[in-house]
1. Residues to consider are K73, K106, K102; find the one that is more than 20 Å from R21 (Cα to Cα) and surrounded by fewer than 18 Cβ atoms within 10 Å (Cβ to Cβ).
2. Return yes or no: is K95 among the basic types (K, R), outside any helix (DSSP H, G or I) and at negative phi?
3. Which count do you get for residues in region 93-118 that are among the charged types (D, E, K, R) and either within 23 Å of E71 (Cα to Cα) or in contact (Cβ under 8 Å) with a residue 40 or more places away in the chain (or both)?
4. Does any residue of region 50-61 turn out to be without any contact (Cβ under 8 Å) to a residue 12 or more places away in the chain and either under 19 Å from Q25 (Cβ atoms) or surrounded by 13 or more Cβ atoms within 10 Å (Cβ to Cβ) (or both)?
5. Could you list, in sequence order, all residues of region 73-92 that are touching a residue at least 40 places away in the same chain (Cβ under 8 Å), closer than 11 Å to F11 by Cβ and either out of contact with any Leu (no Cβ under 6 Å at 6 or more places or on another chain) or not in a helix (DSSP H, G or I) (or both)?
6. Only one of these is modelled with pLDDT of 70 or more and among the hydrophobic types (A, V, I, L, M, F, W, C): I32, I54, I2. Name it.
7. Does region 76-99 hold any residues that are of a type in the set (A, V, I, L, M, F, W, C), surrounded by fewer than 18 Cβ atoms within 10 Å (Cβ to Cβ) and over 26 Å from S27 (Cα atoms), and which are they?
8. Would you check if Q66 is assigned to a helix (DSSP H, G or I), touching a residue at least 12 places away in the same chain (Cβ under 8 Å) and among the polar types (S, T, N, Q)?
Amino acid sequence: MIKNRKEIVEFEKRLLNAKKRLLKQHSFTNNILFNPQGDLASESSAYRTHVADIGSDTYQKEFSSQLSSYESKMLMEIDEALERVRKNKYGDCEKCGKPISKARLKALPYTRCCVKCQKQKLQEKA
């Protein structure tokens, strides 16, 4: 666990900045998903209802939907990491309770597990 208050504040800033960027991206993604410009399926031109155009529109909507879902999950992870900061549990592995390395926290500031426990989780899923 990170005991130095200065380091905790620095990680909290990283999390808040990541959240701010992700919220902006999420807003953009949802704008594309729910307010598509020139929705190909609704335009009256025979050219715009070509199967390839409709397929492209469908692909864009599906891609945006998956991206929005991923962004929502990441926002949840960041919020939960910020909650761990508030509860003074940030930097502790949720599985084994040991400290998560600073290098891992710098790479993934919202991580819940140390490298060893994360590897075990991935092996269990396989």
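The values are calculated or read from the model by the stated rules, or taken from the named source; none is laboratory data. Every value quoted in this text rests on a predicted model; they were computed, and no experiment measured them. As a convention, Cβ positions derive from the backbone with ideal geometry for all residues, glycine included, and neighbour counts pool all protein chains shown.
1. K102
2. Taking the combined requirement at face value, the residue satisfies it.
3. Number of matching residues: 5.
4. no
5. V85, Y90, G91 - these are the residues of region 73-92 that are touching a residue at least 40 places away in the same chain (Cβ under 8 Å), closer than 11 Å to F11 by Cβ and either out of contact with any Leu (no Cβ under 6 Å at 6 or more places or on another chain) or not in a helix (DSSP H, G or I) (or both).
6. Checking each option against the conditions leaves just I32.
7. C96
8. No: the conditions fail for Q66.
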